[in-house]
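The values are calculated or read from the model by the stated rules, or taken from the named source; none is laboratory data. What you see is a predicted model, and the numbers here were worked out from it, not measured in a lab. Positions of Cβ are generated from backbone atoms using ideal geometry, with glycine treated the same way; all protein chains shown enter the neighbour counts. The accessibility values were calculated without ligands, DNA or RNA, using every heavy atom of the protein model including side chains. Shrake-Rupley method; radii C 1.70, N 1.55, O 1.52, S 1.80 Å.
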Amino acid sequence: MSAGHHHQLYRPGDTLVHRLPPQCKLLAAAAFAVAVVATPRESFWAFGVYALLLAGVAVAARVPAPFILRRMVIEVPFVLFAVAIPVIGLGERVDVLGVSLSVPGLWAAWNVLAKATLGVIASILLAATTEPRMMLLGAERLRLPRLLVQIATFMLRYMDVILDQMRRMRIARESRGFVPRDIRQAPVLAKSAGALFIRSYERGERVHLAMLSRGYTGEMPMIRELPASARQWGAAALLPGLAAATAVLSWSLT
């Protein structure tokens, strides 16, 4: 089951990073994130090394900086949380531009912001170089729980269907003169949400019955094999390997 078009996060290409099997990239991204999280917050140079490593991956994958920056908007809640920590934090305080800030809060804010930013960039690069359906196949190759993979597969497949249903319901409301201006229109929107839920549930029941009639027994057939050579595993291990070495060195210097 796959969507008929590319996801907005995916950037088609024919680079070395694009050609790596998805299971290699998934494992590499997860190992890189572990190395980043394990790094002491005092090792500023280590986070600079991680940023350079990700920049190297972006260059190799031909993913431009504006593409990454636009998709980093998802990090805004983390940024707001990090900004608030020094203000509401306890412990020793220091004045910065006339504002009293908590020293432990500043360290915590830096820790959250630096590690979250690196994790978000790594995730963006993974999504930009791997089609969603291939990512799910890679997760299955890594022996992730089949049920979770199947749920994610159907979510990916039918997300556009549900969004299109929402769009048609909105057009139907507006064609009848409905314009949401204030809280008084909330009941209408609530009824629309309920109708959308019922239609989605009924669609799910129909799809499930259709699958059972075609021999579904709880496991989706593997349509495409995704072998990974030792060379490809080695190429994928380059990023987390360098990150792990940096993390170990940062601890030894702390």
Check: Among the candidates GLN232, GLN185, which residue alone is at pLDDT below 85, in a helix (DSSP H, G or I) and surrounded by 13 or more Cβ atoms within 10 Å (Cβ to Cβ)?
Finding: GLN185
Next item on the list: Check LEU125, LEU144 and return the single one that is part of a loop (DSSP other than H, G, I, E, B), under 18 Å from the mean Cα position of the chain (by Cα), of a type outside the set (Lys, Arg) and on the phi < 0 side of the Ramachandran plot.
Entry: LEU144
Margin query: Going by what's in this entry, would TRP110 be described as buried (at least 17 other Cβ atoms within 10 Å of the Cβ), more than 24 Å from LEU9 (Cβ to Cβ) and hydrophobic (A, V, I, L, M, F, W, C)?
Written below: yes
Next item on the list: Within the stretch 37-81, track down each residue that is open to solvent by 50 Å² or more (accessible area, probe 1.4 Å) and of a type in the set (Asp, Glu).
Entry: GLU42
Margin query: Please verify whether ARG203 is basic (Lys, Arg) and either assigned to a loop (DSSP other than H, G, I, E, B) or surrounded by 10 or more Cβ atoms within 10 Å (Cβ to Cβ) (or both), treating the condition exactly as stated.
Written below: yes
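Of all the residues that make up the stretch 20-44, how many are outside any helix (DSSP H, G or I) and more than 19 Å from GLY56 (Cβ to Cβ)? Steps first, please.
Of the stretch 20-44, the ones outside any helix (DSSP H, G or I) are 20-21, 38-43.
Keeping just the survivors that are more than 19 Å from GLY56 (Cβ to Cβ) gives 21, 38, 40-43.
Final tally of qualifying residues: 6.
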Next item on the list: May I ask you to list the residues in the stretch 235-254 that are out of contact with any helix residue (DSSP H, G or I) (no Cβ under 9 Å at 6 or more places or on another chain) and either open to solvent by less than 60 Å² (accessible area, probe 1.4 Å) or outside any helix (DSSP H, G or I) (or both)?
Entry: THR254
Check: Does LEU148 satisfy the condition of being closer than 30 Å to VAL17 by Cα and without any contact (Cβ under 8 Å) to a residue 40 or more places away in the chain?
Finding: yes
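Across the stretch 166-203, what is the total count of residues that are among the small types (Gly, Ala, Ser) and touching a residue at least 12 places away in the same chain (Cβ under 8 Å)? Let's see the steps before the verdict.
Narrowing the stretch 166-203 to residues among the small types (Gly, Ala, Ser): 172, 175, 177, 186, 190, 192-195, 200.
After this cut, where a residue has to be touching a residue at least 12 places away in the same chain (Cβ under 8 Å) as well, the list is 192, 195, 200.
Residues that pass the stated criteria total 3.
For every residue, the table says whether it meets (1) free of Cβ contacts under 8 Å to residues at least 60 places away in the same chain; (2) under 19 Å from the mean Cα position of the chain (by Cα).
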| residue | (1), (2) |
| --- | --- |
| ALA35 | no, yes |
| GLU42 | no, no |
| PHE47 | no, no |
| ALA51 | no, yes |
| VAL59 | yes, no |
| ARG70 | yes, yes |
| VAL76 | yes, yes |
| ALA84 | yes, no |
| ASP95 | yes, no |
Note to self: When the residues of the stretch 155-165 are narrowed to those that are in contact (Cβ under 8 Å) with a residue 60 or more places away in the chain and buried (at least 16 other Cβ atoms within 10 Å of the Cβ), which ends up farthest from MET211 (Cα to Cα)?
What the structure shows: LEU156
